[in-house]
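A quick write-up on the structure given underneath.
The values are calculated or read from the model by the stated rules, or taken from the named source; none is laboratory data. Computed from a predicted structure; not experimentally measured. Don't worry about glycine lacking a Cβ; one is built from the backbone with ideal geometry, like all the others, and counts go over all protein chains shown.
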Amino acid sequence: MSLGLVGRGTVSFRIGRNYRFSAAGNALTAGAMGAVGGLIATWAVFVAAAVLSVPALIALFLIRPNEIDYARARNAGTGEAATNIHRVLDLHKNRNLVVFAAAITLFQLADAAMLPAIGTNVAHSKGGSPLALMSGLIVIPQILTAFLAPWIGYYSERFGRKPLLLAGFGAQIFRALALAMSDDDWVLVLSQVLDGISGATIGVLTILTITDVTTGSGRFNLARGVVATLSSLAASISTAASGFVIQKFGLPSGFLAMAAAAVGATLVTWMLLPETKPAQYLD
């Protein structure tokens, strides 16, 4: 919808702002739900979730359908070319899309199991309140994403997508290595700061990179769905595989395995993915 509303030339700024509102909403909602559950009852959390859906629906209805350009929303060409849609099976011939999907899959193999593994550390912590520490660790990345996401969109236009992608994947490597070396509370906080940097960068640039590599195809939404599916499968595999490694060899080995996956994502991007930002946008 954002692509159809603002076009390819300014979607980077729009996506950055979207992620800011999303992350801020997640952080505020987490705090509100905790307060509602603690002050009233557990059932009140679900009532609050239903109530919060109402303003979301109102905001959605306020979007005028006639302001969404359907061709741009599919990332199709302009003019007569807008009706030329690539075949579904042609997606696998899009080399840059395949390479990027591989990088995101490796990233999710590294990222998805990290917070549950951190939770294991926190659960066995003998100092302070594990619940308070875990709540703080969950909120930190959301706050950082809310702050950084618009800047990621802005700087992706100045410096391109690839340098920022490498920075996002690289942050995940340092996060996993730090956790492998220490379970001190300050290391856990640092790891979530790195997660906020990585999450904001990869979240925004995933949309922008897919937009870049599917321009003119009319298959943006399908490509986005394919990458999301691969990402979700990788996240599921990551949790199971990391749990097995941690059980057999311990937490440090599990974090080292996650670091290896993040290194793979970085190398794939560095060696195989060219800069995708176009010199000139179609619109």
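The table below lists the values:
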{"quantity": "Output for segment 228-238, where each listed residue is within 26 Å of Met1 (Cα to Cα) and in contact with a Ser or Thr (Cβ under 7 Å, 6 or more places away or on another chain)", "calculated": "Leu230, Ser231"}
{"quantity": "Subset tally (residues that are touching a residue at least 40 places away in the same chain (Cβ under 8 Å) and under 25 Å from the mean Cα position of the chain (by Cα)) for segment 78-94", "calculated": "3"}
{"quantity": "Sole residue being out of contact with any strand residue (DSSP E or B) (no Cβ under 9 Å at 6 or more places or on another chain), over 27 Å from Ile202 (Cα atoms) and surrounded by 16 or more Cβ atoms within 10 Å (Cβ to Cβ), chosen from Val6, Val51, Val36, Val11", "calculated": "Val36"}
{"quantity": "Failed criterion for Ile85 (all others in (1) surrounded by 12 or more Cβ atoms within 10 Å (Cβ to Cβ); (2) out of contact with any strand residue (DSSP E or B) (no Cβ under 9 Å at 6 or more places or on another chain); (3) aliphatic (A, V, I, L, M); (4) farther than 24 Å from Arg161 by Cα hold)", "calculated": "(2)"}
{"quantity": "One residue from Ala110, Ala146, Ala71 being in a helix (DSSP H, G or I), at pLDDT 90 or above, under 29 Å from Ala260 (Cβ atoms) and small (Gly, Ala, Ser)", "calculated": "Ala110"}
{"quantity": "Qualifying residue in segment 214-226 (condition: β-branched (Val, Ile, Thr), under 24 Å from Ala76 (Cα atoms), in contact (Cβ under 8 Å) with a residue 60 or more places away in the chain and surrounded by fewer than 21 Cβ atoms within 10 Å (Cβ to Cβ))", "calculated": "yes"}
{"quantity": "Selection from segment 146-195 of residues that are of a type in the set (A, V, I, L, M), in contact with a Ser or Thr (Cβ under 7 Å, 6 or more places away or on another chain) and either under 21 Å from Ile104 (Cβ atoms) or in contact (Cβ under 8 Å) with a residue 60 or more places away in the chain (or both)", "calculated": "Ile152, Leu164, Leu165, Leu166, Ala167, Ala171, Ile173, Leu179"}
{"quantity": "Top-ranked residue in segment 238-283 [being β-branched (Val, Ile, Thr) and at pLDDT below 95; ranked as farthest from Ile118 (Cα to Cα)]", "calculated": "Val245"}
{"quantity": "Some residue of segment 131-141 being modelled with pLDDT of 90 or more and touching a strand residue (DSSP E or B) at 6+ places or on another chain (Cβ under 7 Å)", "calculated": "no"}
{"quantity": "Cβ pairs under 9 Å, 6+ apart, first in segment 54-77 and under 12 Å from Gly4 (Cα atoms) and among the hydroxyl-bearing types (Ser, Thr, Tyr), second surrounded by 10 or more Cβ atoms within 10 Å (Cβ to Cβ) and modelled with pLDDT of 90 or more", "calculated": "Tyr70/Gly4; Tyr70/Ala76"}
{"quantity": "Test for Leu233: is it of a type in the set (A, V, I, L, M) and surrounded by 19 or more Cβ atoms within 10 Å (Cβ to Cβ)", "calculated": "no"}
{"quantity": "Test: residue in segment 203-213 that is crowded, with 16+ Cβ neighbours inside 10 Å, more than 16 Å from the chain's Cα centre (by Cα) and either more than 30 Å from Arg74 (Cβ to Cβ) or not charged (D, E, K, R) (or both)", "calculated": "yes"}
{"quantity": "Subset of segment 172-194 (residues that are at pLDDT below 95, within 19 Å of Ala260 (Cβ to Cβ) and under 20 Å from the mean Cα position of the chain (by Cα))", "calculated": "Ser191"}
{"quantity": "Hey, Ala240 surrounded by 15 or more Cβ atoms within 10 Å (Cβ to Cβ) and not β-branched (Val, Ile, Thr) or not", "calculated": "no"}
{"quantity": "Pairs, first closer than 18 Å to Gly77 by Cβ and part of a loop (DSSP other than H, G, I, E, B) in segment 1-14, second basic (Lys, Arg) and modelled with pLDDT under 95, C-beta under 6 Å, six or more apart", "calculated": "Gly7/Arg72"}
{"quantity": "Segment 257-283, residues that are assigned to a helix (DSSP H, G or I) and in contact with an Asp or Glu (Cβ under 7 Å, 6 or more places away or on another chain)", "calculated": "none"}
